[in-house]
Structure formats: structure tokens, C-alpha cells
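Right, one structure below, let's go through it.
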Amino acid sequence: VNAFADSHGGSNSWERNKNTANLESPVHNLGKRRPSKNSDFFGSSELSCHTYQPKPSLTSNSRQCSEEQKHHFQSQLTQSVPREAKMVQGMAQSNLSSVSSSNAKAHSQSLATTPKVSLLSEYENGLCTPCSYKTVAIDCEMVGTGPGARHSELARCSIVSHQGDVVYDKYIQPPNPITDFRTRWSGIRKHHMKNATPFKMAQKEILKILAGKVVVGHAIHNDFKALCYFHPKSLTRDTSQIPLLNRKAGFPENISVSLKRLTKQLLSRDIQAGQKGHSSVEDAKATMELYCLIEAEWERELALAPSKD
């Protein structure tokens, strides 16, 4: 053995070659070359003495870098979108907005066809959901105030939709003390004023419903007077001043016929009967039904006639 060592440079030469081999081993050369998974290096017991340092891209700071790169990539992508694509995107958003608007309108119109069974009581009054109807009929009941009950003031107001659903029905407390309830005609009694809505509050509620609507009524100027209100003439329909109705009912065209007579003749039913007085809900519904009988023909005539507003 010694002779073999001497012939190859002696023991010192052998130790020097051993150290050189160790420096060139994969364990001491991690920075230069990554070992192969199939290499015997992974089975070496010397691996436990060394800690493998991952690349910076695998550390926690790399997430922030990747997010910044993602943001930068998205901004570059947005800037690179052609003008035509942006226009298409804008048109798509506009179409979506119009679809949403049409859906909202369809939802509002569906309210008109929803029966309001809970609101049909004439004595349990209240304001329903926001009115979405284009045409409404109104009827008011008045009581006497002041000396000799010479002044007429609003004590009840009812509004119905084109389908006859009750939109509004409330008893209203006049600003001045009531001196005559006129129960025979108005149907108003003292106990109706117990929880009545103050006039100013009721007026705001009613005018909010009437705004922008076609309002139908019989001798409707009396109702507007009680409300201290003037509705646009182009949006007002007075069934007491419609020659078509009189002609259809067999009455002279140039006279004003009562709601009771027109209802009896054209709708074959009695209203304002009995000792309880009038019902503004019943009268408003009858008025709307009469209007519907001649609505198409009358509106066509009004469209052809010059405006008088």
C-alpha cells in the first residue's frame, strides 16, 4: 500500500486529491449546478448538513411582485384594446342599462294588474304603494263648514286605477270646524273624523298621485276645487261633459247628465242608493267604467282636436 502511495505522489498527494474531489462534489457546488432528481446525491447522508435556499421568486415577497406584475399586465392590456372594442363595450353597457330600465318599467306596469284585495275596504283607509298608473279616476265627498255650512270642504277622497283597483281612499279632516256633515249625500259621519288625515297632508299625498296622470271624474271641477288644485286641461277627462256618453245613453248631447243616470243606463246598475249616502269609491269606479266605454273614440277625437291649454 505504501509503495502504491509513493508511486502516485505519496500520502500527501492522495489527501490533496481527496479534498479537491470533495470541493467539486455536488454538495459543495449547489450555487453552480442543481442536482438531478435521479442523482444518488438525494440519497446521500451529507444532505442533512446543508440547507437549500429557495429562489427569491418562491418567497413570500414574490406574491407582492406577482400582484404588481399582474396589475401592470392588465393596464397594458387595457391600453392595447382597440378603439372599436371599447366602442363595442360601451354599446353593450348601454344595452344593459336599457334592458334594466325596461325591466323596471315592466315591473311598474305589473303593479297595475296586481289586485289590491287588502285595500278594497272603504273604511280601513290608507295610501297604497307608489302609483304607477297612467289614468286614474277620482271622486271626493264634501262637508259643510262655517256659518250656515255655506262652505264646502273636502272630507273624503278616493282614487281608482284604470282597472278599478283602489289606489287611495282616506277620510280627511277639513281645516275649519264641520257644521254640517251632509251625510245624506256625502256618507260622512262624525266618527269618520276621529282618525281622519289632516287636509294639508292628504293634499300632498293626492297631488303626488295625480301628477302627470290622465285624471277622470264626473263634474271634476268640484273635486279640484275641494283640493284647492287645478289639473292640466289636456290631462283632464270630465264624464259629465262627453257628448259621446250622452249619445250612447240616449240623452241630448248638450246637457250634463248625472253620474247616477249614466251608470244606470250604460252599466245597468244602481249607485248612490239607500240612506247611507254616497260612496266615493263606488262613484270613482263607475266614472272609470263609463270612461272606458268611450275611451278609444274620445281620445282619438281629442288627439285630432287643437290644444286649448
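Tallying residues that are modelled with pLDDT under 95 and over 28 Å from L293 (Cα atoms) within region 128-150 yields 5.
Considering each residue of region 225-256, count those that are open to solvent by less than 50 Å² (accessible area, probe 1.4 Å), without any contact (Cβ under 8 Å) to a residue 24 or more places away in the chain and farther than 19 Å from I138 by Cβ, and give that number. Looking only at that region, the number is 3. Scanning region 164-173 for residues that are open to solvent by 10 Å² or more (accessible area, probe 1.4 Å) and more than 22 Å from the chain's Cα centre (by Cα) turns up G164, K170, Y171, Q173. The single condition from (1) open to solvent by 60 Å² or more (accessible area, probe 1.4 Å); (2) touching a residue at least 12 places away in the same chain (Cβ under 8 Å); (3) part of a helix (DSSP H, G or I) that K204 fails is (2). For residues in region 210-219 being within 27 Å of the chain's Cα centre (by Cα) and over 15 Å from C292 (Cα atoms), which is surrounded by the fewest Cβ atoms within 10 Å (Cβ to Cβ)? The extreme case among them is G212.
Give the residues of region 179-194 that are more than 21 Å from T287 (Cβ to Cβ), open to solvent by 30 Å² or more (accessible area, probe 1.4 Å) and of a type outside the set (F, W, Y), sorted by residue number. Break it down stepwise before answering.
Of region 179-194, the ones more than 21 Å from T287 (Cβ to Cβ) are 179-181, 183, 189-194.
With open to solvent by 30 Å² or more (accessible area, probe 1.4 Å) added as a condition, the list becomes 179-181, 183, 189-191, 194.
Result: T179, D180, T183, R189, K190, H191, K194.
Kindly evaluate L259 against the criterion of being surrounded by 15 or more Cβ atoms within 10 Å (Cβ to Cβ) and in contact with a strand residue (DSSP E or B) (Cβ under 9 Å, 6 or more places away or on another chain). Considered against the rule, which asks whether it is surrounded by 15 or more Cβ atoms within 10 Å (Cβ to Cβ) and in contact with a strand residue (DSSP E or B) (Cβ under 9 Å, 6 or more places away or on another chain), L259 comes out as yes. Of all residues in region 287-300, those being more than 17 Å from I138 (Cβ to Cβ) and surrounded by 17 or more Cβ atoms within 10 Å (Cβ to Cβ) number 3.
Taking region 262-286, which residues are exposed (fewer than 12 other Cβ atoms within 10 Å of the Cβ) and either over 23 Å from R182 (Cα atoms) or basic (K, R) (or both)? Across region 262-286, the qualifying residues are S268, R269, K276. Contact map, region 152-180: residues that are within 13 Å of V216 (Cβ to Cβ) and modelled with pLDDT of 95 or more paired with residues that are buried (at least 21 other Cβ atoms within 10 Å of the Cβ) and polar (S, T, N, Q), Cβ distance under 7 Å, separation 6+ or inter-chain. Pairs shown: S158/S280; V167/S161.
Criterion applied to N222, N176 was being part of a loop (DSSP other than H, G, I, E, B) and open to solvent by 40 Å² or more (accessible area, probe 1.4 Å), and the one residue passing it is N176.
The values are calculated or read from the model by the stated rules, or taken from the named source; none is laboratory data. Quick caveat, the model's predicted, so the values are computed rather than measured. All Cβ positions, even for glycine, are placed from backbone atoms using ideal geometry, and neighbour counts span all protein chains on display. We work out accessible area using only protein heavy atoms, side chains counted, and drop any ligands, DNA or RNA first. Shrake-Rupley method; radii C 1.70, N 1.55, O 1.52, S 1.80 Å.
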